[in-house]
Amino acid sequence: MPRVITAKRSPEYLAQCVREAEAHVAQLRSIADRFKQNSLLERISQEQSSPTSLIPLIDRIQLSTPYTPPPPLDERLHFRKTKIMLREKEFWQLISETSNKLGLIQKRMKTRGVQDAHALGMQTLFDNFEELKTTYHDRVDRFTNKQWRLIKRDCHAIRNIPIQNLVWSKLCAEAAALGNQGRFLYD
């Protein structure tokens, strides 16, 4: 336990401290008495009669430069939501991967040929996807949440078609079925 050392003070010093403390308390009492005697309304009226209060506040405020409002924003300037920007980036990557997969299917289609029954469905799928891809950045702001889900569903449906292990006729049948279902149409 630390030891507290107390200094011994002389009786004259202690008497002087007591007198100063009593004088300070007396001064605080006199200030409090003055506030008690004057009501709030009297103090307000005294402040209003002072010379500085007669000058309007707007004149008392000294502005170094007058305020000029900023110029209006350009009407063509539009702010985009972060949510839309993040979705655009995420889904563009998904669309690019789907584009690569459809490109491989189109190359095989040109080299191997397609039955007439599947040709129309596959061409519809390719056309719808190409339209989505070319107009994607223009339409991003207008897509609803449901359309975003449908885009994701359709891209995953294309990406889930196994190209290497599937027989060509089955691959054509799956791609034609997706085209006939109206995939990649969101109007």
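Coordinate-derived values only; no laboratory data. Being a predicted model, the structure only gives us computed values, none of them experimental. Neighbour counts are summed over all protein chains in view; Cβ atoms, including those assigned to glycine, are modelled from backbone coordinates with ideal geometry.
Laid out as a table, the results:
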| read-out | value |
| --- | --- |
| Hull-based mean projected area of segment 82-180, where the convex hull spans the alpha carbons, in square nanometres | 6.2 |
| FRET efficiency for Arg159 and Met85, using Cβ-Cβ distance with R0 set to 22 Å, rounded to 0.05 | 0.40 |
